[in-house]
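One structure is given below, encoded as structure tokens.
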Amino acid sequence: MSSEQEKLIAELIEKGLAGDMDSINAIEDRVLRSKVKSGLAKAKRAAKNAAVAAAKESSPEESSAEIMPSDHPNQKFAFMIEEKFPDSLADTLNDTHIQIKPDQWFEIASWLKSEPSLYFDSLQCHTGIDLGENMLEARYNLHSMKHDHKIEIRIAVSRDNAHIPSIEQIWRIGDWFERETYDMFGIFFDGHRDHRRMLLPEDWEGYPLRKDYEVQETYHGIIIPKVKEGWE
Amino acid sequence: MGVVHGEEMVLNIGPQHPSTHGVLRLKVKTDGEIISEITPVIGYLHRCFEKHCENMTYDQVIPFTDRCDYLAAMANNFGYVVAVEELMELKVPEKVEYIRVIMAELQRIASHLLALGVYGLDIGAFTPFLFMLRDRERILDMFEMTCGARLLYNYMWVGGVSHDLPKGFVETAFQFLDYFEPQIEEYNKLLTYNKIFIERTADIGVLPQDVAISYGVSGPNLRASGVKWDLRRNDTYSIYEKFDFDVCIGDGGQGTLGDCWDRYYVRMLEVKESVKILRQALAQMPKDGDVHQALPKKIRPPKGSIYSRTETPRGDLGFYIESDGSPIPTRVKMRSPAFTALSVLGELAGGWMMSDVISILGSLDIVLGEIDR
């Protein structure tokens, strides 16, 4: 392509971005016209991406300005976490749960327990859930006996890399809870000192509470009966 | 000359053993008579409760909750229906609430009687066990009178109960309470203040408060360590705020705070409080009202999730339910109080004698059906 032609295309794209499509459509040469059009689409996409990135960059400040007025305890706790551990929240704030990223979970958990104004001394419930679309999620219900407040923490991980830091040394019941979640969902808890199955035998295959679980054919030579479809 | 080995010995208790209260296996490392490490192995009674729940409608789950804690099935029904009703934001008629509280408290007495009696039996006291089972039988008769079943009731439904109270139930219940209250004194004479029993339980297996909370121990086991925490008071549900009763805590009456004797005695005190609640509830209950009035035609909770807790005889029973708006739950997690109570055993039993393990395990009052689900 000659430099002259390139110059012409660039000019036409600029015209197109400004809204002047007629001069592009008027081009006689089909090859040139399609080149201009594809260049135009590319330019538009780049502009859009830049706008999204700019919005993302400015959003944390914006959202924090938005959430401050909300008096819901869940939002307040989430805001405290975000303040202490920047870039740890994985989702916008809401009234039901706090969605966080797995990386800093151990530090956040120890802080949640030791910070005097929070003092979540009791891990009430911990469970996994299969979200479908290759995603698993661990959920923690924390409660403070002293202040009588509670939160739900959610951590989503992909199936291919289902690793979450273990909080077994912070709340001791986490030991058995995490082993059960590993047993049923195959989420690995890094740093767990006794990472074994809880309810199923050690040599069982698969993770039963995943939605696509298929039971193994035999276990030590015993044929496992298949579940009948529906109920009689 | 042979060599005397001073090494550790691994001893296996269970899975078939009368004092493990079901099919529980304990791997015990002993140094002579002293326990150095104890590892519970569970799962022998795993029946895939949670997986089954994902293939059934919400009301079909209720009979399964019976079979989890088969010694306090009413309380498990109660915990589950409260969770589903909370998710649906369903209000149930006042009469239903009264019936549920009456059933839950009768169940608490029945469950505690078995726990106390079997605890005596574990330690070698046979007679109190027979006395307590005799009185528990009268409560089971009342359940049979109400819904036809003696152990697994399927009595509480989402939005109501399966049957109204039968004619003459209130009178029978009052008669039972009048008969039962003096019996508590007899149990105390027979077992509670028995010298041998105190020797076997006081100062044994002391559970400090912070350890108990960290391990998620709840219910009578937690209260025996001196924590005044009862969901009926602290996170009240149903109509418990209407009744006047005390939250009983351990006080180290025969030894140290949080020992086996305290865990036993808190249950005995709680039986008295349940009698108190029952007397109030039976007297205040509205005479008429339809118990099926609020039953939903189709149980279809809105999209969302809930974690709801109730106080069963064994402690905080939690249900985590995730709904996608369909008639079948996406996920039902049962957080069982016996599961958390058993997890503390390793911490609790280390350093004690072999015979104390039975004392400590019995005092936790576990039900394996609920642990393995």
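Things worth noting here:
- Charge tally for A:ALA90 (other residues, Cβ to Cβ under 12 Å; Lys, Arg +1; Asp, Glu -1): -3.
- Measuring max minus min along each principal axis, the C-alpha atoms of the stretch B:1-135 give extents of 80, 40, 20 Å (largest first).
- Positive-end residue of B:SER355, B:ALA149, B:PRO208, charge dipole of chain B with Cβ unit charges: B:ALA149
- Distance between modelled label sites at B:LYS51 and A:ASP194, nm, 7 Å Cα→Cβ extension: 2.5 nm
- Divided by 2.2 N^0.38 Å, where N counts the residues, the Cα radius of gyration of chain B comes to 1.01.
- Under the Debye formula (equal points on every Cα, no solvent term), log10 I(q)/I(0) of the stretch B:201-355 at q = 0.19, 0.20, 0.21 Å⁻¹: -1.16, -1.22, -1.28
- With Cα atoms, 0 to 90° folded angle of helix B:260-284 axis to chain B main axis: 20 degrees
- Theoretical FRET efficiency, 1/(1+(r/R0)^6), r = Cβ-Cβ of A:THR92 and B:LEU130, R0 60 Å, to 0.05: 0.45
- Angle between chain B longest axis and helix B:73-88 axis [Cα atoms, degrees, rounded to 10]: 50 degrees
- Rounded to whole Å, sorted largest first: equivalent-ellipsoid semi-axes of the stretch B:279-373, Cα gyration tensor: 37, 23, 9
- About its Cα centre, the dipole of the protein assembly as shown is roughly 1000 debye, where the only charges are +1 on Lys and Arg Cβ and -1 on Asp and Glu Cβ.
- Between the amide H of B:ALA202 and those of B:TRP261, distances stay under 5 Å, these residues lying 5 or more places away or on another chain, with hydrogens modeled in the peptide plane.
- Computed over the stretch A:97-184, the Cα gyration tensor eigenvalues convert (square root of 5λ each) into semi-axes of 23, 13, 12 Å, ordered from largest to smallest.
- Sorted on the mean count of surrounding Cβ atoms within 10 Å across their residues, most packed first, peptides A:114-121, B:121-128, B:310-317, B:359-366 read B:310-317, B:359-366, B:121-128, A:114-121.
- Residue among B:ASP356, B:ASP66, B:ASP244 with the largest mean-square fluctuation in a Gaussian network model of chain B, springs linking Cα atoms under 10 Å: B:ASP244
- For B:ASN12 and A:TYR219, a Förster radius of 22 Å and the Cβ-Cβ distance give a FRET efficiency of 0.50, rounded to the nearest 0.05.
- Taking the charge dipole of the protein assembly as shown about its Cα centre, with +1 at Lys and Arg Cβ atoms and -1 at Asp and Glu Cβ atoms, the residue from B:GLN254, B:LEU11, A:PHE188 reaching farthest to the positive side is A:PHE188.
- Rg and Dmax over the alpha-carbon atoms of the protein assembly as shown stand at 29.7, 111 Å.
- Distance between the stretch A:107-138 and the stretch B:311-358 - C-alpha centres, whole angstrom: 17 Å
- Whole-number D in µm²/s for the stretch A:127-232 (Stokes-Einstein; Kirkwood sum over Cα pairs; 37 °C, 0.692 mPa s): 212 µm²/s
- Cross-link pairs exceeding 30 Å in C-alpha to C-alpha distance, out of A:LYS150/B:LYS27; B:LYS276/B:LYS303; A:LYS101/B:LYS51, comprise A:LYS150/B:LYS27; B:LYS276/B:LYS303.
- Amide H partners (placed H, <5 Å) of B:TRP157, local residues excluded: B:SER162
- Amide H contacts of B:ASP316 (H built 1.01 Å from N, under 5 Å, at least 5 apart or other chain): B:SER218, B:GLY219
- The residues B:GLU97, B:GLU181, B:GLU105, when put in order of fewest to most other Cβ atoms within 10 Å, stand as B:GLU181, B:GLU97, B:GLU105.
- Measuring r between the beta carbons of B:GLN280 and B:LYS29 and using R0 = 51 Å, the FRET efficiency lands at 0.55.
- For the peptide A:172-179, the mean number of other protein chain Cβ atoms found within 10 angstrom of a residue's Cβ is 6.
- Dipole moment magnitude, nearest 20 debye, the stretch B:48-335 about Cα centre, only Lys, Arg, Asp, Glu C-beta charged: 440 debye
- Taking the C-alpha atoms only, the angle from helix B:94-123 to the longest principal axis of chain B is near 20 degrees.
- Equivalent ellipsoid dimensions for the stretch B:26-84 as semi-axes, Å, which come from the Cα gyration tensor, largest first: 36, 13, 8
- For the stretch B:191-206, Karplus couplings with θ = phi - 60° (6.51, -1.76, 1.60), whole Hz, Gly/Pro x: 10, 4, 9, 5, 4, 5, 4, 5, 4, 7, 10, 5, 6, 9, x, 6
Bear in mind these aren't lab numbers, they're just calculated from the coordinates by the rules spelled out. Keep in mind the model is a prediction, meaning the values are calculated, not measured. When we count neighbours, we look across all protein chains shown, and the Cβ atoms used for this are built from the backbone with ideal geometry, even at glycine.
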